[in-house]
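Just so it is clear, none of the values below were taken in a lab; they were calculated from the coordinates. These numbers were taken from a predicted model, which means no experiment stands behind them. Every residue, glycine as well, gets a Cβ built from its backbone with ideal geometry; the counts of neighbours run over all protein chains shown.
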Amino acid sequence: MTRSPDSLATVLLVSRLAGDGHRTFKASEYWSLPGDPGSLLGRSAADLVGDGFHADLAERIVGLLGRAVALAFELDRYEEGGIRTVTPHDEGYPSRLRERLGDRAPAVLHLAGDPALLAGPSVGIVGSRGVSEEGAEVASSVARRAVDGGYAVLSGAARGVDQLAMNAGWESGGRVVGVLADSLIRSLRQSEVRRAVLDGSTAMVTPYGPESPFSVGNAMGRNKIVYALSSVTVVVASDVDSGGTWAGAIEALRTGAGRVAVWRGTGEGPGNAAIQERGARGLTSLDDLDVVLAEPDAVVPLEPASPSVQESLFAD
């Protein structure tokens, strides 16, 4: 993959792939940089200070941009395994992330599969890992309805609702997008995932390093991307006031990261009613989903977005 100067500089400033201990840029730091990042290449710290950068920041930038050889080795290794690394300056980076997440949008994504799937219409489906049998059927039914309507099934690839929805998408012959908080490389070692990626029906993406293990922090950062990429995200089952599903839905409603719908019927979780009270659209049937999808795809935050403590998690 041939990179533009802006793309190269972005990867060097943000990525931790080289494992060299450099303090890489958080999302908010990256987006606050003046001008095009490619214009920083080849500059000395003195040059940058002359342009108004603080001395410490100038030294930090020069150090990060000097990692080109080590980082190129890592990027080539991943590309040989079918994993592309894209930035906002590359074709394949979904513009919806920047539009909906603003300065919390990841500046680097690692992707296996067709990047067009990230930009296309999709229904996000999320929920608790310990979902009931009735909730499991709801997750699968929503996925099948999404496929029938021409939408991709998008989820976080975690156990429970996420995986049930993705499996139903595959079984229905639909398109599937998985946004990972776990190792992308390990996911691609699963034969069914590898096949689906290779046949063009599936994309697996992460804002973290392709070998990064799961963490709660990664999951919180992943949730923002699920909501931001989806035409609407359906919460099948959630706990109340606790858990990743609850936190992700409430944050999406608060910040306007994406449209949120919540299942209100057999199989719902104890927190579903409270999520509806916070502003999510209640769904009591699959027909209600069709109504929501037919509406304009716009989101309005309940309150102005404030800097998130999770911003640093978007650096891979």
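Each DSSP beta bridge with both residues in the chain is either parallel or antiparallel, and the antiparallel ones are about 25%. Taking the longest Cα principal axis of the chain as reference, the axis of helix 161-171 is set at about 80 degrees. Sorted on the mean count of surrounding Cβ atoms within 10 Å across their residues, most packed first, peptides 90-96, 106-112, 145-151 read 106-112, 145-151, 90-96. Neighbour counting of Cβ atoms within 10 Å sorts the residues 225, 83, fewest neighbours leading, into 83, 225.
Each part reduced to its alpha carbon centroid, region 26-68 and region 180-229 end up 30 Å apart.
Counting residues in region 30-73 as N, plug N into 2.2 N^0.38 Å and put the Cα Rg over that result. The value comes to 1.15. Rounded to the nearest whole Hz, the Karplus-based 3J(HN,Hα) values (6.51 cos²θ - 1.76 cosθ + 1.60, θ = phi - 60°) of region 213-219 follow the sequence x, 5, 8, 4, x, 4, 5, with x at glycine and proline.
All C-alpha pair distances within region 1-47, sorted into 5 Å bins from zero, spread as 5, 19, 27, 28, 18, 3, 0 percent across the bins.
Each of 14, 236, 153 has some number of other Cβ atoms within 10 Å of its Cβ, and from fewest to most they run 14, 153, 236.
Note on the chain: the alpha carbon radius of gyration divided by the globular reference 2.2 N^0.38 Å gives 1.01. For residue 122, nonlocal amide neighbours, meaning residues 5 or more places apart or on other chains whose placed amide H falls under 5 Å from its own, are 152, 231, 232.
Backbone amide hydrogens, once placed in the peptide plane, bring residue 16 within less than 5 Å of 316, excluding anything fewer than 5 places away on its chain.
Which three semi-axes in whole Å describe the equivalent ellipsoid of region 5-80, each the square root of 5 times a Cα gyration tensor eigenvalue, listed largest first?
So the three semi-axes of region 5-80 are 22, 12, 12 Å.
With neighbours defined as other Cβ atoms within 10 Å of a residue's Cβ, the residues 31, 246, 263 order from fewest to most as 31, 246, 263.
Averaged over residues, the count of other Cβ atoms within 10 Å places the peptides 193-200, 278-285, 47-54, 252-259 in the sequence 252-259, 278-285, 193-200, 47-54, highest first. Residues whose amide H falls under 5 Å from that of residue 176, counting only those 5 or more places apart or on a different chain, are 153, 202, 203, with hydrogens built in the peptide plane.
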